[in-house]
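Encoded as structure tokens, the structure appears first; notes follow it.
The values are calculated or read from the model by the stated rules, or taken from the named source; none is laboratory data. Computed from a predicted structure; not experimentally measured. Note that each Cβ is placed from the backbone with ideal geometry, even for glycine, and that neighbours are counted across all protein chains shown. Note: areas computed on protein heavy atoms with side chains; ligands, DNA, RNA excluded. Shrake-Rupley method; radii C 1.70, N 1.55, O 1.52, S 1.80 Å.
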Amino acid sequence: MEKNGHTKYPHLFLPFRLRGLSVKNRIVSAPHGSPFMFTRGAGDTQDFSDDAVYYYGAIARGGAGIVNTGHLGVDPRYVIGRNRLHFDFFSKDIRQHQIPVMRRMTELIHTYGAIASMELNHAGEYSIPLNGGSVPGPCEKTSASGKKVHAMTEDEMNQVADWFAEAARVGIDGGFDMINIHMGHGWLLNQFLSPMENHRQDAYGGSVENRVRFPRLVLEKVRNAVGNTVPIKIRFSLNELNDTGYSIEEGIQSVLLMEDLVDLV
């Protein structure tokens with residue numbers, strides 16, 4: 001073994017660049033969060049708390065090159081996840097109650113030489129409606145938890161893609177260096193990518209090229225919102241490990257169909 005002890009992973013501590021952004025090593029803190037990271041915000045939303053500022057700062061202090069937030073839902077109609085998180089990307093007074101907290105968080109992450117990455121997500125059929133009604137997905141069905149799922153129209157897809165883009169814009173205003181789009185683990189964009197969930201007969205279902213169409217739309221609108229200097233990362237399930245899901249070969253094909261819009265997978 002060499003003196004540095006890193007012969008098995010010789011590149012782990014080497015810096016690299018993404019769209020001109022310098023990343024100090026290849027260690028990425030996985031996106032995760034906790035209820036204690038949020039506090040009551042304007043209206044009935046949750047904002048990042050001071051605990052979140054110091055928590056993500058501590059991860060940066062630990063040496064990670066990229067520090068990810070946990071997933072934040074982009075759709076104002078629903079809460080997301082077991083934490084019932086309803087993050088505010090859309091109110092008129094967000095600059096007074098949320099942007100300053102984000103900036104303190106990202107400045108602390110930067111103090112330790114790390115890159116701040118915000119993860120954005122849509123829960124799809126796992127959403128919880130704020131005002132009742134159905135939840136969106138690629139196809140109409142009843143979910144395992146008994147919720148009515150409606151098949152998204154093109155207009156709704158465009159609206160959701162716009163919400164992703166607006167959330168990304170807020171993240172950049174808050175000092176984040178990178179946007180991480182969640183396309184794994186059965187959430188909405190993964191539902192469109194999956195032949196287990198996506199049985200559409202239109203331009204958004206069937207072939208891998210068609211199933212990638214809506215996730216690509218989201219990436220295109222996010223890219224237009226943040227410009228060409230901000231790296232975009234996706235969190236992706238490469239293989240569904242199910243006979244009716246996509247294989248690793250189709251997973252790779254999906255990534256290749258998005259690679260012109262994605263900097264890191």
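Sequence gap at least 6, Cα distance under 8 Å: using those rules, report the relative contact order of the chain to the nearest whole percent.
This gives 16 percent for the chain.
Please calculate how many Å² of accessible area the range 27-73 carries per residue, with a 1.4 Å probe and no DNA, RNA or ligand atoms counted.
Accessible surface, normalised per residue, equals 42 Å².
Once amide H atoms are built 1.01 Å from N in the peptide plane, which residues 5 or more positions from residue 87, or in another chain, come under 5 Å H to H?
46, 73
For the chain, compute Rh as the Kirkwood radius over C-alpha pairs and then the Stokes-Einstein diffusion coefficient at 37 °C and 0.692 mPa s; write the answer in µm²/s, rounded to an integer.
Using the Kirkwood radius from Cα pairs, D works out to 171 µm²/s.
Ratio to report: Rg/Rh of the range 41-173, with Cα atoms as the point set and Rh obtained by the Kirkwood method; give two decimals.
Taking Rg over the Kirkwood Rh, I get 1.02.
Where is the GNM fluctuation largest for the chain (alpha-carbon springs, 10 angstrom cutoff): 12, 108, 120?
Per the Cα network of the chain with a 10 Å cutoff, 12 tops the list.
Over the range 127-265, one equal point on each Cα, no solvent: what is log10 I(q)/I(0) by the Debye formula at q = 0.15 Å⁻¹?
Taking Cα atoms of the range 127-265 as identical point scatterers yields -0.75.
Sequence neighbours fewer than 8 away in the same chain don't count; with that in mind, list the aspartates and glutamates whose C-alpha is under 14 Å from residue 141.
Output for residue 141: 125, 197.
So what is log10(I(q)/I(0)) for the range 56-99 at q = 0.26, 0.32 1/Å, when the Debye sum runs over its Cα atoms only?
Ignoring solvent entirely, the Cα scatterers give -0.92, -1.04.
How large a share of the accessible area of the chain, in percent, is made up of carbon and sulfur atoms when the probe is 1.4 Å and the other protein chains stay in place?
Carbon with sulfur: 51 percent of the solvent-accessible area.
Of the chymotrypsin sites (Phe, Trp or Tyr not before Pro) in the range 1-92, which ones lie in a loop per DSSP and count no more than 15 other C-beta atoms within 10 Å?
13, 90
Can you tell me the relative contact order of the range 186-245? Whole percent, Cα pairs under 8 Å, sequence separation 6 or more.
Once normalised by length, the contact order is 31 percent.
Restricting to bridges with both residues inside the range 131-265, how much of the DSSP beta-bridge set is antiparallel, in percent to the nearest 5?
20 percent
Roll a 1.4 Å probe over the protein heavy atoms and report the accessible area of residue 11 in Å², nearest 10.
110 Å²
Looking at the chain, which longest stretch skips every one of the GluC sites (Glu not before Pro) that is in a DSSP loop with at most 14 other Cβ atoms within 10 Å, leaving the sites themselves out?
After excluding every exposed loop site, the longest remaining stretch is 3-139.
Within 13 Å, Cβ to Cβ, of residue 211, how many net charges do the neighbouring residues add up to if Lys/Arg are +1 and Asp/Glu are -1?
Net local charge, residue 211 excluded: -2.
Would you compute, from DSSP H runs of 4+ residues alone, the mean residue ellipticity of the chain at 222 nm, taking -39500 (n - 2.57) per run and dividing by the full residue count, rounded to the nearest 500?
Result for the chain, helices only: -9000 deg cm²/dmol.
Pull out the extension gain between residue 253 and residue 210, defined as 0.36 nm times the separation in residues minus the alpha carbon to alpha carbon distance; nm, one decimal.
14.3 nm
Might you work out the accessible area of residue 105 for me, using a 1.4 Å probe with all protein chains in place, and round it to the nearest 10 Å²?
So the heavy atoms of residue 105 present about 0 Å² to solvent.
When the convex hull of the C-alpha atoms of the range 1-104 is computed, what volume per residue in Å³ does it have?
139 Å³
Within the range 144-200, which trypsin sites (Lys or Arg not before Pro) sit in a loop by DSSP and count at most 14 neighbouring Cβ atoms inside 10 Å?
Taking the range 144-200 and a limit of 14 other Cβ atoms within 10 Å, no loop trypsin sites (Lys or Arg not before Pro) are found.
Ignoring ligands, DNA and RNA, what accessible area per residue does the range 203-253 give at 1.4 Å, in Å²?
46 Å²
Please report the relative contact order for the range 122-265, taking Cα pairs under 8 Å with a sequence separation of at least 6, and give it as a percent rounded to a whole number.
Taking the mean separation of contacting Cα pairs over the length of the range 122-265, I get 24 percent.
Between 248, 99, 172, find the one with the highest GNM mean-square fluctuation for the chain; connect C-alpha pairs within less than 10 Å.
248
Of all DSSP beta bridges located in the chain, what percent are antiparallel, nearest 5?
Of those bridges, close to 35 percent are antiparallel.
Give the cross-link partners of residue 24 among the lysines, using a straight C-alpha distance below 25 Å as the criterion and excluding same-chain residues fewer than 8 apart.
Hits, sequence-local ones excluded: 3, 8, 233.
How much area per residue is accessible in the range 77-190 when the probe is 1.4 Å and only protein heavy atoms are counted (Å²)?
41 Å²
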